[in-house]
Amino acid sequence: MSVRRLAEESVQPDAFAFNRANGAWAKKKIKDYPKGREASAVIPLLMRAQEQEGWVTKAAIEHIGEMLDMPLIRVLEVATFYTQFQLAPVGKRAHIQVCGTTPCMLRGAGEIMDVCKAKISPNPFEVTEDGKLSWEEVECQGACVNAPMVMIFKDSYEDLTPAQMEHIIDRFAAGKGDEITPGPQIDRIFSAPEGGLTSLTGKPVAAKRKASARATAESAKVAAPKKPAVKKAPAKAAGLIGSNAAKLAAKPKADVKAAPKKAAAVKTAGPERLKKPNGKADDLKLISGVGPKLEQTLNGLGFWHFAQIAKWKKADVAIVDDQLSFKGRIERDEWIKQAKVLAKKVK
């Protein structure tokens, strides 16, 4: 780890004080620790100071030291040790910390840094002229299985490609960073296997019971018309004239044939699908959480355009969830919200 020092005096403010809300929060936080151990609050207080000012100033370090009755050097030791604390002004909209430890480097961290150099600055910690963006290389951030990855303030963005990194930088530069869902940027759930689960892929027991009960109920509905021993009816109506007996015998058959029509209607229910795209297919990978493999799967299911996904209702999401085997991913990553924004851009 490189030596970390405070910013030059020329950029340091003369004084620091928590605003009213943060000051009340800080006093309450200090009381969370036992008497004589108030210094344990140093990390949360430094983080709150950074959130208020954008970075940790020398004046903030001194102020927190006084609040906690800590020697200045002790607070300085903490602030300079953890790379989560920025000791100089950084980008106001995004300061990107690129992990440069071995797993990330082996998985393409160098290319992610190249994107940062091209779109932000050739050198780390240099803020763009508009003051919006900056970047740096840091040590391991604990998401090795999702390498390469970056941290932007408190959130991590994982399983990155250069194209996805460019998209993320553009969104933050435009003040729309909240459109990007933190976490894996490909078709995986957190740190689950890439490409989908390989074990425990069956339905939960509760779901199996519900499915079994549903199947039993549907079987009962279909079987009901056959049950009236309608075939026995002609025997009981032996005294009837042939045409009337024929009508009685025909009724059950008509009822039994009607059932499949309802089942067919269920099969065709769901979101709009297309056998092929209308013109050029949209790049669904621009939706955060959709990678190349998941895009291919969506195309195979008949989804080619942002506008299709933007129209999904709650029932449609449930259907697609089952077909993708990624329960909750659509709602968690807000695909529909992202698709509505992207659909307007491709019009």
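Bear in mind that the values in this text are calculations on the coordinates, not laboratory data. Just so we're clear, the structure is a prediction, and the values are computed from it rather than from any experiment. A quick note on method: Cβ atoms are made from the backbone with ideal geometry, for glycine too, and the neighbour counts reach across all protein chains shown.
Descriptive notes on the structure:
- Residue 96 long-range amide H proximity, modeled H, under 5 Å: 134, 135, 136
- Near-label residues of segment 114-158 by backbone N, under 20 Å of a point 7 Å along Cα→Cβ of residue 3: 124-126, 137-139
- With R₀ fixed at 25 Å, the C-beta to C-beta distance from residue 190 to residue 163 puts the FRET efficiency at about 0.70.
- Net charge dipole, segment 284-346: roughly 240 debye, given to the nearest 20, about the Cα centre with Cβ charges of +1 for Lys and Arg and -1 for Asp and Glu.
- Annotation note: GluC sites (Glu not before Pro) in segment 101-138 located in DSSP loop regions with a Cβ neighbour count of at most 16 within 10 Å are 126, 129.
- Spin-label model, residue 347/residue 198: points 7 Å from Cα along the beta carbon direction are separated by 4.5 nm.
- Segment 140-168 residues near the modelled residue 105 label - backbone nitrogen below 16 Å, point 7 Å along Cα→Cβ: 140-142, 144, 147-149
- Amide proton proximity set for residue 291, modelled H, under 5 Å, gap of 5+: 187
- When peptides 81-87, 24-30, 274-280 are ranked by their average number of other Cβ atoms within 10 Å per residue, the highest-first order is 81-87, 24-30, 274-280.
- With K and R counted +1 and D and E -1, the other residues having a Cβ less than 13 Å from that of residue 331 yield a net charge of +2.
- The length gained by stretching the chain between residue 40 and residue 53 to full extension, at 0.36 nm per residue less their Cα-Cα distance, is 2.5 nm.
- Extension reserve of the residue 126-residue 73 stretch, reckoned as 0.36 nm per residue once the Cα distance is removed: 16.4 nm
- Extreme residue, positive dipole direction of segment 41-102, given options 95, 44, 63 (C-beta unit charges): 95
- For a modelled paramagnetic label at residue 139, 7 Å from Cα along Cα-to-Cβ, the residues of segment 57-88 in reach, with backbone nitrogen under 18 Å, are 76-87.
- Between segment 83-103 and segment 144-176, the Cα center-to-center distance that results, in Å: 12 Å
- Cross-link reach list, aspartates and glutamates versus residue 313, counting only Cα pairs under 16 Å and skipping chain neighbours closer than eight places: 272, 321, 322, 331, 333, 334
- Cross-link pairs exceeding 23 Å in C-alpha to C-alpha distance, out of 311/344; 203/275; 203/314; 314/337; 132/285, comprise 203/275; 132/285.
- Taking the Cα centre of segment 53-182 as reference, the dipole from Cβ charges on Lys and Arg (+1) and Asp and Glu (-1) amounts to some 100 debye.
- Stretched out straight at 0.36 nm per residue, the stretch from residue 12 to residue 24 would grow longer than its current Cα-Cα span by 1.9 nm.
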